[in-house]
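In what follows, a structure is listed as structure tokens, so that the remarks can point back to it.
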Amino acid sequence: MGIGGVSIGSLLIVLVIVMLLFGTKRLRTVGSDLGGALSGFRKAVKDSEEARHELTLDVTATEAGRRANEHTHS
């Protein structure tokens, strides 16, 4: 058994057909483009997580400041 119930032989046949249809040069280009897209996606996810973390820190600091201000005015 291969991946998801598909045998290794079937996967090799599909790979050969794809190579014949598109050629190795185009497959390299597609692979490179896919790698670039994945890299961009990972960077966007990392940037989003960092921004969310910074926002959480800002909200926490604001809440702490508000509580301290309430205690001094009470």
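Which count do you get for residues in the range 21-33 that are surrounded by fewer than 10 Cβ atoms within 10 Å (Cβ to Cβ) and among the charged types (D, E, K, R)?
Residues in the range 21-33 being surrounded by fewer than 10 Cβ atoms within 10 Å (Cβ to Cβ) and among the charged types (D, E, K, R): 1 in total.
Here is a yes/no grid of residues against (1) at positive phi; (2) open to solvent by 100 Å² or more (accessible area, probe 1.4 Å); (3) at pLDDT 85 or above:
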site: 35; (1), (2), (3): no, no, yes
site: 42; (1), (2), (3): no, yes, yes
site: 47; (1), (2), (3): no, no, yes
site: 53; (1), (2), (3): no, yes, no
site: 61; (1), (2), (3): no, no, no
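The values are calculated or read from the model by the stated rules, or taken from the named source; none is laboratory data. Here the structure is a predicted model, which means the values were calculated and not measured. A quick note on method: Cβ atoms are made from the backbone with ideal geometry, for glycine too, and the neighbour counts reach across all protein chains shown. Side chains are part of the model used for accessible areas, which takes the heavy atoms of the whole protein and leaves out ligands, DNA and RNA. Shrake-Rupley method; radii C 1.70, N 1.55, O 1.52, S 1.80 Å.
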